[in-house]
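Student: Before I ask anything, let me first share the structure, which is written out below as structure tokens.
The values are calculated or read from the model by the stated rules, or taken from the named source; none is laboratory data. Computed from a prediction, not measured in an experiment: that's the story for all the values here. Methodologically, a virtual Cβ is constructed for each residue, glycine included, from the backbone with ideal geometry; neighbour enumeration extends over all protein chains shown.
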Amino acid sequence: MNRVAVVVAAWGNPWDERQVTARRIAGALANKARVEVCRVDEGTDSRTFATDGPFEVHNFPGSSSSVKRREWLFGSFAGALDGFDEICACAESEMVRRVKDLPQTIQNEFTRAHGGHSPDLLEHLAHEPYDCVIFMDHRPASTVEGIARVPPSSRVVLVPFAVGDPLEWCPAYDPVFDRPDRLISLTSEGSTILSSRSPSTAGRVREVGFVQQVPDLARRTDPLRLEERPYLVVSKDWSAGNLFATVYSLAARIQWDFAGLEVVAIGPGADSLPEQDVVKIHEVDNQMDAWRWVSRALAYWDPEPRLAIGKGAIEAMLYGAPLLAHAGKGATAEYVMEGDAGVLYSSHSEFREAIRVLLDEPTRSALGRQAQRYALERFSDPQSFTSRATTAILGD
Amino acid sequence: MERPEVSSRELIDQIRRKARSDAEFFESLQPIKRALESPELSYLTRHYKLKVDEVPPGAGGPVRRLKARVKRWFRDTTLKVLENYLHEEREYLSHNTQFHVELATKLDVLGFEVRQMAPRLEELRQMTYDLELAHRLLEERLDRLEKTTPE
């Protein structure tokens, strides 16, 4: 049996789609290989070991990082924050130029600010004879520093979550994309972005898709504090970024036009969002409650333009909720276009018009039905996903 | 492949067309704004048929003064609406990222971005329409007044 390492900067948070993907891929491989999850734990001083279902989990001590530090670093040296909601072509090319010119010290700092820096992990990767080492996400130090330490005899696979972000052009990532035998993408757009990165990447990209299922119980039981009025729902881990300003800004623009419509923000960390009268906030820390809200929504609003998977959007589609998504690069926009699963916007005016479209009940119902059909066809077959993932990662 | 009941692509095209028509409307306001900013107000005079210059000499000083006041009111109000609109757009861009605004300003594309995003244009359109309507009603009353004003 193959011995496989899955290297992650974080593990186990069901609200983080990168961590969920890591678990899905590790789970698929566990059918054919012995899977060891190598995780950097910023909260520990010494190396520990645990089991999690079919996986052995090695926890390596790591230096701490934070979202704020990352934003500060990039804000200081490259001139903008990641997670911005709109960007014109001129700003994007300017950002790519600045990113390519970052001094080496800053590149190192920036890589470590994404978490995953652990000398113990690097030592482990250099000496353990794994048949295959899979790195999740191209950005954290566990990947950037770890990929260089894997012995040449081991197969290396990268699941990069590339979404066309200017930051992907940081020179620190060049070796990260050059070394792997396989680059795994989860969506068609991800494949296109990876293939166009350089002539050498094109032949190594394999698309494996994603798998997601939702329980019917959420549809049959009401969430707490549910009101009669129709609502758009935004579901995410609010402690992981600064997206609320965008949600508030857009919601404030439409509140007088569509008086009967509410915007509801749910997810962990929602309690820390600012109090205001525009967006209703519900702290929801378990997935079932989130699904209850999502399953009854007029539409699922995804304001984040650069998601690699759009797990929340997939769940909403499985419940038959149409999508209202930012037209930027990202998985949700791909689902809308491929599955006729909703509508996109790229400006305030288009956002307003998109809502007008969704408030037309026959149109909304048809979009919801199409979204559900598309999600069931594309995301609800674990066998197919397992087969694609094991073939792509362990060998054709 | 089965044809969808509703096509997202067509809906998005429809949304963009509508949003673009707002942007085009804004574009059409630009000459008015420029004219309003000019001291002569010749554009306004020509387009809104104030006919201030056509009032015969001695045809009633009070009427001419009233017309001038209406003209000023119309100019000030319309300018205020436009300025509020532009201010809000800049605020949005500023929130968006300060960097983006700086870059956009440098590249002189701020105006382009403003038109692209064009929020609250429907409201602006309505306000401008209301203003124009109010202006026309006043103009009619003034015309009637002019006809009945003794020399």
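Student: Give the range A:1-26 a look and list any residue that's out of contact with any Phe, Trp or Tyr (no Cβ under 8 Å at 6 or more places or on another chain) and not in a strand (DSSP E or B), or say none.
Tutor: Those that are out of contact with any Phe, Trp or Tyr (no Cβ under 8 Å at 6 or more places or on another chain) and not in a strand (DSSP E or B): A:Met1, A:Ala9, A:Ala10, A:Trp11, A:Gly12, A:Asn13, A:Pro14, A:Trp15, A:Asp16, A:Glu17, A:Val20, A:Ile25.
Student: Of the residues that make up the range A:296-309, is at least one at pLDDT 90 or above, closer than 26 Å to A:Asp137 by Cα and touching an Asp or Glu at 6+ places or on another chain (Cβ under 7 Å)?
Tutor: yes
Student: Count, please, the residues in the range A:146-179 that happen to be part of a helix (DSSP H, G or I) and of a type in the set (Val, Ile, Thr).
Tutor: Filtering the range A:146-179 down to residues part of a helix (DSSP H, G or I) leaves A:147-149, A:166-169, A:171-178.
Checking the rest, the ones that are also of a type in the set (Val, Ile, Thr) come to A:147, A:176.
Qualifying residue count, the range A:146-179: 2.
Student: Those residues that are surrounded by 23 or more Cβ atoms within 10 Å (Cβ to Cβ) and on the phi > 0 side of the Ramachandran plot, I need them from the range A:282-328; list them, please.
Tutor: Passing the criteria: only A:Gly310.
Student: Look at the range A:203-240 and say how many of its residues are closer than 19 Å to A:Ala316 by Cβ, crowded, with 17+ Cβ neighbours inside 10 Å and over 21 Å from the mean Cα position of the chain (by Cα).
Tutor: Looking only at that region, the number is 4.
Student: So, in the range A:351-365, of the ones that are facing chain B (nearest Cβ under 7 Å) and touching a residue at least 12 places away in the same chain (Cβ under 8 Å), which residue ends up farthest from the chain's Cα centre (by Cα)?
Tutor: Kept after step one, since they are facing chain B (nearest Cβ under 7 Å), are these residues of the range A:351-365: A:353-354, A:357, A:363.
Subsequent filtering for residues that are touching a residue at least 12 places away in the same chain (Cβ under 8 Å) retains A:354, A:357.
Details: A:Ala354: 24, A:Val357: 28 Å.
Here the answer is A:Val357.
Student: Which of the residues belonging to the range A:111-145 are outside any helix (DSSP H, G or I), surrounded by fewer than 22 Cβ atoms within 10 Å (Cβ to Cβ) and acidic (Asp, Glu)?
Tutor: Once the filter is applied, which keeps residues that are outside any helix (DSSP H, G or I), surrounded by fewer than 22 Cβ atoms within 10 Å (Cβ to Cβ) and acidic (Asp, Glu), the range A:111-145 yields A:Glu128, A:Asp131, A:Glu145.
Student: Check off (1) at pLDDT 90 or above; (2) under 30 Å from A:Pro171 (Cβ atoms); (3) assigned to a helix (DSSP H, G or I) for A:Ala218 and give me the number that stays unchecked.
Tutor: A:Ala218 satisfies all of (1) at pLDDT 90 or above; (2) under 30 Å from A:Pro171 (Cβ atoms); (3) assigned to a helix (DSSP H, G or I) except (2).
Student: Sticking with this one: So which residues in the range A:312-361 are within 26 Å of A:Ile193 (Cα to Cα) and among the β-branched types (Val, Ile, Thr), if there are any at all?
Tutor: Those that are within 26 Å of A:Ile193 (Cα to Cα) and among the β-branched types (Val, Ile, Thr): A:Ile314, A:Thr332, A:Val336, A:Val343.
Student: Test A:Glu315 against the criterion of being within 14 Å of chain B (Cβ to nearest Cβ) and acidic (Asp, Glu), and give yes or no. It would help to see each step written out before you state the result.
Tutor: On the way: within 14 Å of chain B (Cβ to nearest Cβ): no; acidic (Asp, Glu): yes.
Answer is no for this residue.
Student: Then there is this: Output yes when any residue across the range A:333-349 is of a type in the set (Val, Ile, Thr), under 19 Å from the mean Cα position of the chain (by Cα) and crowded, with 24+ Cβ neighbours inside 10 Å, and no when none is.
Tutor: Filtering the range A:333-349 for residues of a type in the set (Val, Ile, Thr) gives A:336, A:343.
Adding the requirement that they be under 19 Å from the mean Cα position of the chain (by Cα) leaves A:336.
Then keep just the ones that are crowded, with 24+ Cβ neighbours inside 10 Å; that gives A:336.
Scanning the range A:333-349 turns up at least one residue that is of a type in the set (Val, Ile, Thr), under 19 Å from the mean Cα position of the chain (by Cα) and crowded, with 24+ Cβ neighbours inside 10 Å.
Student: Just to be sure before I move on: is A:Gly330 in contact with a Leu (Cβ under 6 Å, 6 or more places away or on another chain), facing chain B (nearest Cβ under 9 Å) and within 30 Å of A:Val208 (Cα to Cα) in the structure I sent?
Tutor: Values: in contact with a Leu (Cβ under 6 Å, 6 or more places away or on another chain): yes; facing chain B (nearest Cβ under 9 Å): no; within 30 Å of A:Val208 (Cα to Cα): yes.
It is false that A:Gly330 is in contact with a Leu (Cβ under 6 Å, 6 or more places away or on another chain), facing chain B (nearest Cβ under 9 Å) and within 30 Å of A:Val208 (Cα to Cα).
Student: Then there is this: Does the range A:371-378 include one or more residues that are over 25 Å from A:Asp137 (Cβ atoms), part of a helix (DSSP H, G or I), more than 14 Å from chain B (Cβ to nearest Cβ) and of a type in the set (S, T, N, Q)?
Tutor: No; the residues of the range A:371-378 include none that is over 25 Å from A:Asp137 (Cβ atoms), part of a helix (DSSP H, G or I), more than 14 Å from chain B (Cβ to nearest Cβ) and of a type in the set (S, T, N, Q).
Student: Sticking with this structure for a sec: Against the condition modelled with pLDDT under 90 and buried (at least 19 other Cβ atoms within 10 Å of the Cβ), how does A:Pro274 come out, does it pass?
Tutor: Values: modelled with pLDDT under 90: yes; buried (at least 19 other Cβ atoms within 10 Å of the Cβ): no.
Criteria not met by A:Pro274.
Student: Still on this structure, I have one more. Against the condition among the charged types (D, E, K, R), in contact with a Phe, Trp or Tyr (Cβ under 6 Å, 6 or more places away or on another chain) and modelled with pLDDT of 90 or more, how does A:Asp120 come out, does it pass? So that I can check it myself, show each step before the final result.
Tutor: Values: among the charged types (D, E, K, R): yes; in contact with a Phe, Trp or Tyr (Cβ under 6 Å, 6 or more places away or on another chain): yes; modelled with pLDDT of 90 or more: yes.
Yes: the conditions hold for A:Asp120.
Student: For the range A:313-330, state whether one or more residues are among the small types (Gly, Ala, Ser), farther than 26 Å from A:Arg225 by Cβ and without any contact (Cβ under 8 Å) to a residue 40 or more places away in the chain. Even if it seems obvious, please write down each step before you answer.
Tutor: Filtering the range A:313-330 for residues among the small types (Gly, Ala, Ser) gives A:313, A:316, A:320-321, A:325, A:327-328, A:330.
Next cut, farther than 26 Å from A:Arg225 by Cβ only: A:327-328, A:330.
With without any contact (Cβ under 8 Å) to a residue 40 or more places away in the chain added as a condition, the list becomes A:327.
Yes; the residues of the range A:313-330 include at least one that is among the small types (Gly, Ala, Ser), farther than 26 Å from A:Arg225 by Cβ and without any contact (Cβ under 8 Å) to a residue 40 or more places away in the chain.
Student: To continue, here is another question. For the range A:253-268, what are the residues that are within 28 Å of the chain's Cα centre (by Cα) and within 14 Å of chain B (Cβ to nearest Cβ)?
Tutor: Correct list: A:Arg253, A:Ile254.
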